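Engineer: Below is a structure I'd like to ask you about.
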Amino acid sequence: MARPKEFDEHRAVDAAMRAFWSAGYEATSTQDLCAATGLGRSSIYNTFSSKRDLFDRALRQYMTTKNAPLFDILDSDAPARERIAGVLRRTADAPDTEPAGCLVVNSIVELAPHDAAARAVLAADGERRLDALTAVVEIGQRAGEFAADRDARAIAQFLTATISGMRVAARGGADHATLTAIAETAMHCL
């Protein structure tokens, strides 16, 4: 008879997510995952089957957790310019209780160039966010908030690159004032 699980799987995935977010996939050892989750090696492998399975679940959880507030901002009834400013401000205001940077951006750099499965998951997530940003830019163009003669998708790609750059800068030690200045500069470019 199998023993019942004596831990909260969601909490374990969240702890693993933070470990991967801090150190990256390759640099996070099984021992690091044991320390982060409080689980033994056998519990990790019995529940998640592999380090990669745990990473995949952690990455999906990260995307769900981080995308929800982003889409709340983008789907709001606020003027488009306010929505875009809100997304940039949210990026600059990342909580000190979280690892610096972004697990998605880190994974794009670390895994996407040589891992087709990771690249596909990351690309689908990126497309979803890019589509949402493009839609808001188009709304802003129709309302006269943004120049209508510019390609909305290109503007959304610029915003995506800016957000990713802000997260890389944060990981590199950029302070809140620097990140806020980047966000404000991006808004002036629109």
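The values are calculated or read from the model by the stated rules, or taken from the named source; none is laboratory data. Because the structure is predicted, anything quoted here is derived from the model rather than measured. Cβ atoms come from the backbone with ideal geometry, glycine included; neighbour counts cover every protein chain shown. Calculation scope for accessible area: heavy atoms of the full protein, side chains included, ligands and nucleic acids excluded. Shrake-Rupley method; radii C 1.70, N 1.55, O 1.52, S 1.80 Å.
Engineer: Taking region 57-127, which GluC sites (Glu not before Pro) meet the DSSP loop condition and have no more than 16 other C-beta atoms within 10 Å? Write out the running numbers ahead of the final one.
Structural biologist: Working: sites: Glu82, Glu110, Glu127; in loops: none.
Counting only loop positions with at most 16 other Cβ atoms within 10 Å, none of the GluC sites (Glu not before Pro) in region 57-127 qualifies.
Engineer: Something else about it: Using only the Cα atoms of the chain, what semi-axes does the equivalent ellipsoid have when each is the square root of 5 times a gyration tensor eigenvalue? Give whole Å, largest first. Kindly include the intermediate steps, with their values, before the conclusion.
Structural biologist: On the way: eigenvalues 250, 55, 44 Å².
That gives 35, 17, 15 Å for the three semi-axes.
Engineer: Using Cα pairs under 8 angstrom and six or more residues apart, how large is the relative contact order of the chain, in percent? The partial results should precede the final answer.
Structural biologist: On the way: 161 pairs, mean separation 42.6, N = 190.
After rounding, I find 22 percent.
Engineer: Still on this structure, I have one more. Kindly list the residues of region 53-94 that lie in the label zone of Met187, defined by a backbone N under 19 Å from the point 7 Å along the Cα-to-C-beta vector.
Structural biologist: Label zone hits: 70-94.
Engineer: Rounded to the nearest 0.05, what FRET efficiency do Asn46 and Ala154 give with R0 = 45 Å and r taken as the Cβ-Cβ distance? Could you check?
Structural biologist: Details: r = 48 Å, r/R0 = 1.07.
Approximately 0.40, to the nearest 0.05.
Engineer: What do you reckon, how do Ile139, Ile44 stack up by accessible area (1.4 Å probe), largest on top?
Structural biologist: Details: Ile139 60, Ile44 0 Å².
Result of the area sort, largest leading: Ile139, Ile44.
Engineer: Find the accessible area per residue for region 69-149; the probe is 1.4 Å, ligands and nucleic acids are left out, and the unit is Å². Numbers along the way, then the final one.
Structural biologist: Details: 4090 Å² over 81 residues.
Here the per-residue accessible area is 51 Å².
Engineer: At 7 Å along the Cα-to-beta-carbon direction for both Ala124 and Ala161, put a label point, then send me their distance in nm to one decimal.
Structural biologist: The two pseudo-label positions are separated by 2.7 nm.
Engineer: Suppose R0 equals 41 Å; then what is the FRET efficiency for Ala143 and Thr97 from their Cβ-Cβ distance, rounded to the nearest 0.05?
Structural biologist: Details: r = 36 Å, r/R0 = 0.89.
Step by step, r from the Cβ atoms, then E = 0.65.
Engineer: Run the accessible area of region 52-190 with a 1.4 Å probe and give the carbon-and-sulfur part as a rounded percent.
Structural biologist: Numbers: 3890 of 6910 Å².
After summing per-atom areas, the C and S share lands at 56 percent.
Engineer: Using alpha carbon centroids, what distance separates region 95-143 and region 37-58, in Å?
Structural biologist: 25
Engineer: What value in Å³ per residue do you get for the convex hull of the alpha-carbon atoms in region 34-123? Numbers along the way, then the final one.
Structural biologist: Values: hull volume 11.4 nm³, N = 90.
It is 127 Å³ per residue.
Engineer: Counting other Cβ atoms within 10 Å, keep those with at most 15, restrict to DSSP loop, and tell me which trypsin sites (Lys or Arg not before Pro) in region 1-90 are left.
Structural biologist: Working: sites: Lys5, Arg11, Arg18, Arg41, Lys51, Arg52, Arg57, Arg60, Lys66, Arg81, Arg83, Arg89, Arg90; in loops: Lys5.
Here the sparse-neighbourhood loop sites are Lys5.
Engineer: With only alpha-carbon pairs counted, each pair once and no self-pairs, how large is the Kirkwood hydrodynamic radius of region 124-190 in angstroms? Please report the intermediate quantities before stating the final value.
Structural biologist: Numbers: mean 1/r = 0.0789 Å⁻¹.
After inverting the mean inverse Cα-Cα distance, the result is 12.7 Å.
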